[in-house]
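Below is one structure, written out as structure tokens; the observations come after it.
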Amino acid sequence: MSQKKFEYKDIGGQAVMEGVMMQSPQDESIAIAVRKPDGRIVVTCDHREPISKKHPWMGKPFIRGCVNMALMLKMGMDTLDKGTQMLGITDEEPTKFEKWLSEKLGANIDKVVMAVAMVLAVVLSLFLFVMLPSGAATLIGHVTDNRILINLFAGVVRILILIGYMIGIAFVPDIKRVFQYHGAEHKTVFCNEAGEELTPENAKKFSRFHPRCGTAFLFLVMFISILIGSVADQLLFLLFGIEKLTFIGRIVRSLCILPVVAGVSYEVLKGLAHAGDALIVRILRWPGLMLQRLTTREPDREMLEVAIASMKAAKAGPAHFADNLGENTFVWTPDAAGAEKKS
């Protein structure tokens, strides 16, 4: 790895099917690049104004973490949808329920399908990471009254479910390739932060484990929820005399403290990413980095080329990203029959 001093520009991204999204807050741009089945790379770049620019209070410490979590959920789904369109994959036939909703709501069928997918994703997440751990905590509560142990047990269950889920989906061939593009995204971000020329050869030598990764954020959320949950339980006892939460009560409490957990986790993640390489910082980063062994894979050269195309477009911005496209790289527009190269 390069020994150059890193410049933290906070450009980050997301892997999509056969591609990478990069977002540059400084340039207020978001770019997506994918490699089509015929080998061409197609790129698009749009303006993305930070919400804190319109509402400064949303950019305040601790508040911004909760706001970003909600925005990233929506943006992530939108990005996956656009990446699929760019790739040219034919969508599955909508279900009768989705067609019925589209007719009743007067909405485009694609938007209805995406909305249904988001709802299902949220429901699944609540079941796996709220209801199941709450049930486990309720059961252990019959054995001990120690609030810290109860929350620790629930937290361990959450982490085990997360690890099991990541291991399970890695067996899906398409997801394995997404994990390779995830690795390409991290290597390209590292290369950019190091100030090196964005080439596959330079990016390849960097680590695929990045401290600002969403995987590390998920781990922090689950770890910090143990601490904040214990504090919340103690406050419920002191203020309202509630000695032990029921199953439903634990679910409600978990949902109520989620904004606080997200806000604290975001600040911790951001702080650790910019805190240098002191021993204590490396120790605190280690679990999140190790979890990325499950969500990233080593990319090949072609994947790095895609990630680099996305990074360059995000840095250039919507007005100029098409000016200097690389070899075999084309501009994608949603109303185009194909991809048209811009000279």
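Given the conditions (1) of a type in the set (D, E, K, R); (2) more than 23 Å from ALA170 (Cβ to Cβ); (3) assigned to a helix (DSSP H, G or I); (4) at pLDDT below 95, and given that GLU305 satisfies all but one, which numbered condition is not satisfied?
(4)
Yes or no: MET1 hydrophobic (A, V, I, L, M, F, W, C), modelled with pLDDT under 90 and either surrounded by 20 or more Cβ atoms within 10 Å (Cβ to Cβ) or in contact with a Gly (Cβ under 9 Å, 6 or more places away or on another chain) (or both)? Talk me through it step by step, then tell me what you get.
Working: hydrophobic (A, V, I, L, M, F, W, C): yes; modelled with pLDDT under 90: yes; either surrounded by 20 or more Cβ atoms within 10 Å (Cβ to Cβ) or in contact with a Gly (Cβ under 9 Å, 6 or more places away or on another chain) (or both): no.
Spelling it out, it is not the case that MET1 is hydrophobic (A, V, I, L, M, F, W, C), modelled with pLDDT under 90 and either surrounded by 20 or more Cβ atoms within 10 Å (Cβ to Cβ) or in contact with a Gly (Cβ under 9 Å, 6 or more places away or on another chain) (or both).
For region 289-299, check the following and say yes or no: at least one residue is of a type outside the set (Asp, Glu), in a helix (DSSP H, G or I), crowded, with 22+ Cβ neighbours inside 10 Å and under 17 Å from the mean Cα position of the chain (by Cα).
Residues of region 289-299 of a type outside the set (Asp, Glu): 289-297, 299.
Next cut, in a helix (DSSP H, G or I) only: 289-295.
In the following step, the residues that additionally are crowded, with 22+ Cβ neighbours inside 10 Å were identified as 292, 295.
Next cut, under 17 Å from the mean Cα position of the chain (by Cα) only: 292, 295.
Looking through region 289-299, at least one residue is of a type outside the set (Asp, Glu), in a helix (DSSP H, G or I), crowded, with 22+ Cβ neighbours inside 10 Å and under 17 Å from the mean Cα position of the chain (by Cα).
Can you name the condition, by its number, that LEU198 falls short on among (1) over 30 Å from PRO37 (Cβ atoms); (2) modelled with pLDDT of 95 or more?
The single condition LEU198 does not satisfy is (1).
Tally the residues that are buried (at least 24 other Cβ atoms within 10 Å of the Cβ) and either in contact with a Leu (Cβ under 9 Å, 6 or more places away or on another chain) or without any contact (Cβ under 8 Å) to a residue 40 or more places away in the chain (or both), restricting the search to region 32-44.
Total meeting the criteria: 4.
Tally the residues that are in a loop (DSSP other than H, G, I, E, B) and within 23 Å of the chain's Cα centre (by Cα), restricting the search to region 199-251. Steps first, answer last, please.
Initially, region 199-251 is screened for residues in a loop (DSSP other than H, G, I, E, B), giving 199, 205-213, 241-246.
Next cut, within 23 Å of the chain's Cα centre (by Cα) only: 206-213.
Qualifying residue count for the region: 8.
I'd like the full set of residues that are assigned to a helix (DSSP H, G or I) and closer than 16 Å to VAL20 by Cα, limited to region 184-198. Walk me through it before giving the result.
Taking region 184-198 and keeping what is assigned to a helix (DSSP H, G or I), we get 184-193.
Across region 184-198, the qualifying residues are ALA184, GLU185, HIS186, LYS187, THR188, VAL189, PHE190, CYS191, ASN192.
Criterion first (of a type outside the set (D, E, K, R), at pLDDT 85 or above and either part of a helix (DSSP H, G or I) or within 27 Å of PRO318 (Cα to Cα) (or both)) does LEU126 satisfy it?
Working: of a type outside the set (D, E, K, R): yes; at pLDDT 85 or above: yes; either part of a helix (DSSP H, G or I) or within 27 Å of PRO318 (Cα to Cα) (or both): yes.
Against the criterion (of a type outside the set (D, E, K, R), at pLDDT 85 or above and either part of a helix (DSSP H, G or I) or within 27 Å of PRO318 (Cα to Cα) (or both)), LEU126 qualifies.
Restricting the first residue to region 75-86 and requiring it to be on the phi < 0 side of the Ramachandran plot and at pLDDT below 90, which pairs with a second residue that is assigned to a helix (DSSP H, G or I) and of a type in the set (A, V, I, L, M) meet a Cβ separation below 7 Å and a spacing of at least six or different chains?
What qualifies is MET77/MET114; MET77/ALA117; MET77/MET118; ASP81/MET114.
Residues are listed down the side, and each one gets a yes or a no for (1) touching a residue at least 60 places away in the same chain (Cβ under 8 Å); (2) surrounded by fewer than 24 Cβ atoms within 10 Å (Cβ to Cβ); (3) touching a Lys or Arg at 6+ places or on another chain (Cβ under 6 Å):
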| residue | (1), (2), (3) |
| --- | --- |
| VAL16 | yes, no, no |
| VAL20 | yes, no, no |
| ILE30 | yes, no, yes |
| SER52 | no, yes, no |
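Would you pick out the residues in region 29-79 that are assigned to a helix (DSSP H, G or I), among the hydrophobic types (A, V, I, L, M, F, W, C) and in contact with a strand residue (DSSP E or B) (Cβ under 9 Å, 6 or more places away or on another chain)? Reasoning before the result, please.
Pass one, region 29-79, residues assigned to a helix (DSSP H, G or I): 51-54, 56-59, 63-79.
Subset that is among the hydrophobic types (A, V, I, L, M, F, W, C): 51, 57-58, 63, 66-67, 69-73, 75, 77.
Matches in region 29-79: MET72, MET75.
Results for (1) hydroxyl-bearing (Ser, Thr, Tyr); (2) surrounded by 20 or more Cβ atoms within 10 Å (Cβ to Cβ); (3) free of Cβ contacts under 8 Å to residues at least 40 places away in the same chain; (4) in contact with a Pro (Cβ under 7 Å, 6 or more places away or on another chain), shown as yes or no for each residue.
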site	(1), (2), (3), (4)
VAL172	no, no, yes, no
ILE175	no, no, yes, no
ALA194	no, no, no, no
PHE209	no, yes, no, no
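Looking at ALA316, ALA275, ALA307 in this structure, which one is touching a helix residue (DSSP H, G or I) at 6+ places or on another chain (Cβ under 9 Å), buried (at least 19 other Cβ atoms within 10 Å of the Cβ) and within 28 Å of GLN26 (Cα to Cα)?
Numbers: ALA316 fails: touching a helix residue (DSSP H, G or I) at 6+ places or on another chain (Cβ under 9 Å); ALA275 fails: buried (at least 19 other Cβ atoms within 10 Å of the Cβ).
After ruling out the rest, the residue left standing is ALA307.
Return the residues of region 37-70 that are within 20 Å of the chain's Cα centre (by Cα) and among the acidic types (Asp, Glu); say none if nothing qualifies.
If the condition is that a residue be within 20 Å of the chain's Cα centre (by Cα) and among the acidic types (Asp, Glu), then ASP46, GLU49 are the ones that fit.
The values are calculated or read from the model by the stated rules, or taken from the named source; none is laboratory data. Remember, predicted model here, so these are calculated numbers, not experimental data. Backbone-built Cβ (ideal geometry, glycine too); neighbour counts: all protein chains shown.
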